[in-house]
Amino acid sequence: MLARRALSRREVSERLIRKGFASEASEREVGRLERAGLLNDEELARGVCRQELTAGRGRLAIRRRLVRRSLETPVATGALAEVTEADEQGALQRALERALRRHPGWSQDRKIRERVVRHLLGRGFAWPAVRLALEQRSLGFTGELDELITDLDEGC
């Protein structure tokens, strides 16, 4: 079960129960795996954060992934606290570079700029960080960026 990828304590327990193990037997096995060093939710959470940052995702997307991986709130919060502003800025720059390569006409077309903004927000970056990154790249779109986010809010 652990050969393919690291699993959280809860994921292992749920899989064992689905396979027909009693709840108590499942908990005993999870405890044994933890003692053997094969299960470590804190290390898993840190690994998920690193993986998501490398993939160009921001703090909000990382939080969603940690929840989907069934990690307990204190563990997820602790791992997120280790993500620095510089880590997230690096991830944002990677995501922005990819988006701009996919949309080469972004500086001439407002619709394409909207797609780029939606893409970055969807990858879990906060609007102030996205706005700043785009302002650093843009050629005088500052006022339009505020209009753009207002339009996107109204469209939701």
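In table form, for the structure just shown:
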quantity	calculated
Exposed-site-free run, longest, the chain (rule: trypsin sites (Lys or Arg not before Pro); DSSP loop; at most 14 other C-beta within 10 Å)	20-156
For the stretch 121-126, Karplus couplings with θ = phi - 60° (6.51, -1.76, 1.60), whole Hz, Gly/Pro x	5, x, 8, x, 9, 6
Rounded tilt (10° steps) of 142-155 against the dominant C-alpha axis of the chain	60
Residue-averaged 222 nm ellipticity for the chain, from DSSP H runs of 4+ at -39500 (n - 2.57), nearest 500	-22500 deg cm²/dmol
Stokes-Einstein D in µm²/s, Kirkwood radius over Cα pairs - the stretch 1-50 at 37 °C with 0.692 mPa s viscosity	295
Exposed GluC sites (Glu not before Pro) absent - longest run of the chain, DSSP non-H/G/I/E/B, at most 16 other C-beta within 10 Å	83-156
Hydrodynamic radius of the stretch 9-81 per Kirkwood, over alpha carbon pairs, in Å	13.0
Reported label for calculated Kirkwood radius over Cα pairs in Å given (i) 25.6; (ii) 17.7; (iii) 16.6	(ii)
Tilt relative to the chain, helix 127-137 - C-alpha long axis, 0 to 90 degrees, to 10	50
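Here, each number is a calculation from the coordinates, and none is a lab measurement. Because the structure is a prediction, the values reported are computed rather than measured. Here the Cβ is made from the backbone with ideal geometry for all residues, glycine too, and neighbour counts use every protein chain on show.
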